[in-house]
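Here, each number is a calculation from the coordinates, and none is a lab measurement. Worth saying up front: this structure is predicted, and the values here are computed from it rather than measured. Cβ atoms come from the backbone with ideal geometry, glycine included; neighbour counts cover every protein chain shown.
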Number of protein chains: 4
Amino acid sequence: MLVQFSIVPLDKGVSVGNEVAKVLQIIDNSGLPYKLNPMGTVVEGKWDEVMALIRKCHEETVNSSERVLTSIAIDDRKGMQDRIEGKIKSLEKRLNKSLRK
Amino acid sequence: MLVQFSIVPLDKGVSVGNEVAKVLQIIDNSGLPYKLNPMGTVVEGKWDEVMALIRKCHEETVNSSERVLTSIAIDDRKGMQDRIEGKIKSLEKRLNKSLRK
Amino acid sequence: MLVQFSIVPLDKGVSVGNEVAKVLQIIDNSGLPYKLNPMGTVVEGKWDEVMALIRKCHEETVNSSERVLTSIAIDDRKGMQDRIEGKIKSLEKRLNKSLRK
Amino acid sequence: MLVQFSIVPLDKGVSVGNEVAKVLQIIDNSGLPYKLNPMGTVVEGKWDEVMALIRKCHEETVNSSERVLTSIAIDDRKGMQDRIEGKIKSLEKRLNKSLRK
């Protein structure tokens, strides 16, 4: 399944780059396919793999914050693989043009 | 932590009441404190409890659907309990009036 | 259409009750049907009505914050009215039991 | 402000690529900076510009569907520009490495 998530601490002020960088390091080390975008990170994997990763990232942020907001969006489609690359390619094929990504 | 979630199958057409009703039955049986609203359900509990429930609900929907979209929003604040009732009460106290809920 | 939204300032620390209370006062004064839940507020109305309200609430929070996160979820179903009450009633009818809300 | 959004019709079955392609064509024609990711599209602009675009996309989908779900996440930070490129660059600088995007 494809899963986008983002994690925000509420008590670190306007800039949360330090906390987000720690989370990205965990994601990058996880071995799961991922793509960072300006509003979150998309990962692809099975429920157990993905949720274990998100929990690790959430707990890393909770370790240094009193309040953490985490958003998760799951798109679970049977019988499809490599959707982290395939969804955008399929759209570009339909439109017969390259899109910004 | 407080967690809102909603689960939608994409291949059941406009009305997804049958699928949502099955999910609500699982939530109601779970024993976790919950509150249903017109756009999702809020539950309160620890990560393991809440995520096990959401997984059960997601998999129930996956059993009868080819594609399922699940959204999860977590508000994890240290040292607070019974926030499923307390957050709204606190707002009503601040405003010194009853709000629609 | 039914729309849930929530608005969070990032530079007010752990407790954002003051900011949320101001937003709730605006919603309560708007005249639109609404229901507050522990993770956000659901309103019902047309695109213009609802988005004007959300913008007013977002800007109220921006006035006193350097960074604001706003989430909006829209469920737009043709030919249905009073869904803010009707969706839950319909679920309770299907299950033939009262749910917590 | 940075805004991610996604639009899904509920009555088109498992594959919604046709509807999403129409929306991407509208976004690509809008002239606003955007980045497509596997779970949505991030655009950058002022409230009026961004919400007019999202409304146009939502209504395009409503034209051919009986029920449409639209999700919007706003990150509104004062005094920052070109965050659609800058947020990721800033993270890579902090970590002193290139991330997948």
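Values as computed for the structure displayed
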quantity: Innermost chain B residue relative to the axis carrying B onto A, by Cβ distance in angstrom; calculated: B:72, 2
quantity: Anisotropy class of the protein assembly as shown from Cα gyration tensor, a/c 1.5 cut; calculated: rounded
quantity: Test item: D:3-13 mean partner chain Cβ contacts at 10 Å; calculated: 5
quantity: Among B:84, B:34, B:47 - extreme Cα towards positive end, dipole of chain B, charges at beta-carbon; calculated: B:84
quantity: Charge dipole magnitude, Cβ of K and R +1, D and E -1 - the protein assembly as shown, Cα centre, debye nearest 20; calculated: 0 debye
quantity: Segment A:25-65, Cα convex hull volume normalised per residue, Å³; calculated: 75 Å³
quantity: Proxy reagent accessibility, fewest Cβ within 10 Å first, across B:12, A:97; calculated: A:97, B:12
quantity: Peptide ranges A:79-86, B:32-39 listed from the most packed, as the mean C-beta count within 10 angstrom indicates; calculated: B:32-39, A:79-86
quantity: Across the identical copies, how the residue B:92 labels are spaced - nm, sorted shortest first, 7 Å along Cα→Cβ; calculated: 1.7, 5.2, 5.4
quantity: Student exercise, chain B dipole from Lys, Arg, Asp, Glu Cβ charges, in Debye to nearest 20; calculated: 660 debye
quantity: Average partner coverage of C:82-92, which counts Cβ from other chains inside 10 Å; calculated: 3
quantity: Copies compared at residue B:64 - label distances in nm, ascending, label defined 7 Å from Cα in the Cβ direction; calculated: 2.8, 4.6, 4.7
quantity: Kirkwood hydrodynamic radius over Cα pairs of chain D, then Stokes diffusion coefficient at 25 °C and 0.890 mPa s, in µm²/s; calculated: 167 µm²/s
quantity: Distance between modelled label sites at residue A:98 and residue B:15, nm, 7 Å Cα→Cβ extension; calculated: 4.8 nm
quantity: Spatially proximal lysines relative to residue D:87 (Cα-Cα < 24 Å; intrachain offsets below 8 disregarded); calculated: A:12, A:22, A:35, A:56, A:87, A:101, C:12, D:35, D:46, D:78, D:97, D:101
quantity: Length-normalised contact order of segment C:1-44 in % [C-alpha pairs under 8 Å, at least 6 apart]; calculated: 51 percent
quantity: Separation of alpha-carbon centers, segment A:43-101 and segment C:49-81, rounded to whole Å; calculated: 25 Å
quantity: Mean separation of Cα contacts under 8 Å (6+ apart) over length of chain C, as relative contact order %; calculated: 41 percent
quantity: Listed residues A:6, A:20, A:74: farthest to the positive end of the dipole of chain A (Cβ charges); calculated: A:74
quantity: Approximate spin-label separation residue B:55-residue D:48, in nm, with each point projected 7 Å along Cα-to-Cβ; calculated: 5.0 nm
quantity: Cα convex hull of segment D:45-94, projected area averaged across orientations, nm²; calculated: 4.7 nm²
quantity: Distances in nm from residue B:78 to the matching label points in the other copies, shortest first (labels 7 Å along Cα to Cβ); calculated: 2.9, 4.5, 5.2
